[in-house]
Amino acid sequence: MSLLAVRDLTLAIRGARVLAGVDFDIAAGEVFGLVGESGSGKSMTALALMGLAPQGARAAGRADFAGRNLLALPERALTGLRGNEIGMIFQEPMTALNPMKTIGDQVAETLLIHRAATRAGARAIARETLARVGLPGDRFALSLYPHELSGGQRQRVAIAMATALRPKLLIADEPTTALDVTTQAQILDLLRGLARDEGMALMLITHDLAVVAGMAARVAVMQAGRIVERGATAALFRTRAHDYTRRLFAASEHRPLRRPARPRQKGGGALLSVEGAVREYRLPRPGAFAPHPRLRAVDAVSLTIDPGESVGLVGESGCGKSTLSRAILGLDPLQAGVIRLDGRQVTPGHTMPPQMRAKMQVVFQDPYGSFNPRHRVERLVSEPFHLTGRPRDARARVAAALEEVGLQADDMAKYIHEFSGGQRQRIAIARALIIRPALIILDEAVSALDVRVRAQVLDLLVALQASHGLAYLFISHDLGVVRKVTDRVLVMQAGRIVEQGATEAVLTRPEHPHTRALIAATPTIPADWKEPANAAQT
């Protein structure tokens, strides 16, 4: 007997068809996977079921949940279901959490809305629920605010909010995409345990095929608003009957991309050298008269990057990767050590000459967050010209940069919200390229992209490196991505480099326990699922 039965679900937004004839079932206690690339309709399916589709959307069909058609219920009835019988976890917990409220109040709020509970009773249940998701009260007070927690801890709070009332169905929309592999493994184990222990159905929406392989009994593949293939996960992963499914698998392969041999510059000096870098932060006093404790985020780190070389930097969230990158960019000062770019010492802040700063550019994880949404693409891409002086042919160079990353010259007249996530990341790369730097730092630059867009962006980066002789520092928690695009890899733990070497050697024959733990925590597709039965068709 199905807990949720979706039949011929269609959704149009202001006349534009988004979903067409979507059908699937989820049984009580089942983990069901819904996979596909960005824009395929996965999240819109969930929002339609929850009655949260954008303004101007019109849904049709049936979505029978425990005997009630969700698509026909009035808003008041849906409000009674949301959070009570159906919970939802979003990809970015900060969009679901109120930064002005404590975590205790936010979990308790669900209980106060749906149950006739006293405030004290609701907070007691909130404390119990937070402990159940790995945030015990002796370490995580109810009075903490979201900004005081890490990304993985915030996601646990979001899970606590969604499961506080023990719903019959939990919809998890990309719940682990931006998390490091060990935190991701913990969150997936948590979700799996909640489904098992609470008898709760779990609808897992993701673009990560390896996550689905380890979690879901059945899976449906979505393309352009339609289900194109469905079935038992193991059988579907072996068969891959639909061409789109095969393309998703091809994009997920972690084989190294082919890169031309790197030309050695005469003189043989490193482009970037970091020697004994130390970066400390002062923490709040534990008591009124106690001294300030200090956190050493980067602890005596040394590394080099040669011209044209691609180096990976991997590790868990909070290990110091991004802190080190900020020091290299001259955004944060060091307490000890020295950083040199092309033989000249990197100095922080305004003391770094603009010509030197122009040799380094950066591409961040969230391109939307690094762009001013009020400016057109032409101005956004041309921003680095303030370091070198605006050339007379600036507009032509912006057009050329956009075309080089696979966009159109006409795109310079648009605003950033008019582009998809993958296109925004291409614009961020164009901005980094516009002044022809020697080094580009990519800080989780593809972690939020779906597998096909990610593969396209990685191919683009490899091609640009070959044509311009770029050096990359590729910061990522995704070992598969690092394997694809880097020559060497450094593994960071608690501010220190604990292992380094040729990428394939380190990831195939790791020596340090932390490297082995990272590899073990990475979701994988079982070896006997990787070769499709109809391989001749691929």
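The values are calculated or read from the model by the stated rules, or taken from the named source; none is laboratory data. Quantities reported herein were computed from a predicted structural model and do not represent experimental measurements. Cβ atoms come from the backbone with ideal geometry, glycine included; neighbour counts cover every protein chain shown. Just so you know, the surface numbers come from the protein's heavy atoms only, side chains and all, with ligands and any DNA or RNA stripped out. Shrake-Rupley method; radii C 1.70, N 1.55, O 1.52, S 1.80 Å.
Assorted remarks:
- Of all residues in segment 130-179, those that are under 26 Å from Ala120 (Cβ atoms), without any contact (Cβ under 8 Å) to a residue 40 or more places away in the chain and outside any helix (DSSP H, G or I) total 8.
- Residue match in segment 166-174 (condition: among the basic types (Lys, Arg) and farther than 30 Å from Thr102 by Cα): no
- Val363 touching a strand residue (DSSP E or B) at 6+ places or on another chain (Cβ under 6 Å) and modelled with pLDDT of 95 or more: no
- For segment 114-129, filtered to residues that are assigned to a helix (DSSP H, G or I) and over 24 Å from Gln186 (Cβ atoms), the residue that is least open to solvent (accessible area, probe 1.4 Å) is Ala122.
- Residue count for segment 45-59 under the criterion of being open to solvent by less than 50 Å² (accessible area, probe 1.4 Å) and touching a residue at least 24 places away in the same chain (Cβ under 8 Å): the result is 9.
- With respect to the conditions (1) of a type in the set (S, T, N, Q); (2) under 30 Å from Ile26 (Cα atoms); (3) modelled with pLDDT of 90 or more; (4) open to solvent by 20 Å² or more (accessible area, probe 1.4 Å), Ser143 lacks only one, and its number is (2).
- Counted residues, segment 62-81 - those being surrounded by fewer than 18 Cβ atoms within 10 Å (Cβ to Cβ) and without any contact (Cβ under 8 Å) to a residue 60 or more places away in the chain: 13
- Pick from segment 520-538, criterion assigned to a helix (DSSP H, G or I) and either open to solvent by less than 30 Å² (accessible area, probe 1.4 Å) or among the acidic types (Asp, Glu) (or both), ranking: modelled with the highest pLDDT: Ala521
- Note on segment 64-113: among residues that are charged (D, E, K, R) and not in a helix (DSSP H, G or I), the one that is farthest from the chain's Cα centre (by Cα) is Arg68.
- Of residues in segment 201-255 being assigned to a loop (DSSP other than H, G, I, E, B), under 21 Å from the mean Cα position of the chain (by Cα) and touching a residue at least 40 places away in the same chain (Cβ under 8 Å), the one surrounded by the fewest Cβ atoms within 10 Å (Cβ to Cβ): Arg255
- Residues of segment 463-491 classified as open to solvent by 10 Å² or more (accessible area, probe 1.4 Å) and more than 21 Å from the chain's Cα centre (by Cα), total: 8
- All positions within segment 325-343 that are over 23 Å from Pro354 (Cβ atoms) and open to solvent by less than 60 Å² (accessible area, probe 1.4 Å): Ala336, Gly337
- Condition met for Ile187 (part of a strand (DSSP E or B), among the β-branched types (Val, Ile, Thr) and over 27 Å from Leu461 (Cβ atoms)): no
- Index of the failed condition, Ser310 passing every other in (1) open to solvent by 40 Å² or more (accessible area, probe 1.4 Å); (2) modelled with pLDDT of 95 or more; (3) hydroxyl-bearing (Ser, Thr, Tyr); (4) within 25 Å of the chain's Cα centre (by Cα): (1)
- Each residue in segment 466-519 was checked for being under 17 Å from Val301 (Cα atoms) and part of a strand (DSSP E or B), and 15 of them qualify.
- Scanning segment 274-307 for residues that are of a type outside the set (Asp, Glu), surrounded by fewer than 18 Cβ atoms within 10 Å (Cβ to Cβ) and in contact (Cβ under 8 Å) with a residue 24 or more places away in the chain yields Gly276, Val278, Arg296, Ala300, Ser302, Thr304.
- Screening segment 366-387 for residues that are modelled with pLDDT under 90 and either in contact with a Pro (Cβ under 6 Å, 6 or more places away or on another chain) or of a type in the set (Asp, Glu) (or both) and picking the one that is farthest from Leu449 (Cα to Cα) gives Leu387.
- Among the candidates Ala502, Ala494, Ala521, the residue that is touching a residue at least 12 places away in the same chain (Cβ under 8 Å), within 30 Å of Ala235 (Cβ to Cβ) and not β-branched (Val, Ile, Thr) is uniquely Ala521.
- Some residue of segment 19-40 being assigned to a helix (DSSP H, G or I) and among the aliphatic types (A, V, I, L, M): no
- Residues that are surrounded by fewer than 23 Cβ atoms within 10 Å (Cβ to Cβ), part of a loop (DSSP other than H, G, I, E, B) and in contact (Cβ under 8 Å) with a residue 60 or more places away in the chain, drawn from segment 436-462: Pro437, Ala438, Glu444, Ser447, Ala448
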